[in-house]
Each structure stands twice: as C-alpha cells, then as structure tokens.
Amino acid sequence: MPEDEMAQAETAALTRRYEQHAEQTNDALKVIKSDVLHLRLEVGSATTRLDAVERSVNELTEEVRTGNARIIELLSNLVGKDPNTPG
C-alpha cells in the first residue's frame, strides 16, 4: 500500500508541475500573440506613412523636372540673342 501512496503522490506532483508549465506556456503565447499583433499594426502604420512620403517625393521630383524643362526652354530662347538688345 505505501508504494501506491508514493506513486499517487509523485503522479500528483508531476501533474501539478505539468499544469503549471502548461499555464506558463499559455501565458507566454498570449504575450507573443499580443506582440505580433502590435507589430502588425505598427508595420501597417509605417507602410501608410512610407506610401505618403513616396507620393510626396514623386510629386516633388515631377515639379523639379517641370522647372528644369522650363529653365532649359527659356535659356534656349536666349541663345544667339544679343544680351544688350531689349526684350
């Protein structure tokens, strides 16, 4: 009989340790899932901001190209003209 009581006590102790470990693992997984969700939200937000910056850069690039083209056009019109002659 004493062996059965020892076996039962050991089984109960092992069961408690298993349940504690399972609970800790579950808690850790909840934290990881929460962190992953937070990262997904941050990445989505950063992607949105990056898209806005990219649009702004593209618009600015187009404005610079337009300005450069206008400068070239104006300079081309001046080629061969006497700078001392009015308008």
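The values are calculated or read from the model by the stated rules, or taken from the named source; none is laboratory data. These numbers come from a predicted model, not from an experiment. Heads up: the accessible areas ignore ligands, DNA and RNA and are worked out on the full protein's heavy atoms, side chains in. Shrake-Rupley method; radii C 1.70, N 1.55, O 1.52, S 1.80 Å.
Numbers for the structure displayed
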{"item": "Answer residue from the range 39-61, given it is of a type in the set (Lys, Arg) and under 17 Å from the mean Cα position of the chain (by Cα) and is least open to solvent (accessible area, probe 1.4 Å) among those", "result": "49"}
{"item": "Lone qualifier among 36, 64 - being under 19 Å from the mean Cα position of the chain (by Cα) and at pLDDT 95 or above", "result": "36"}
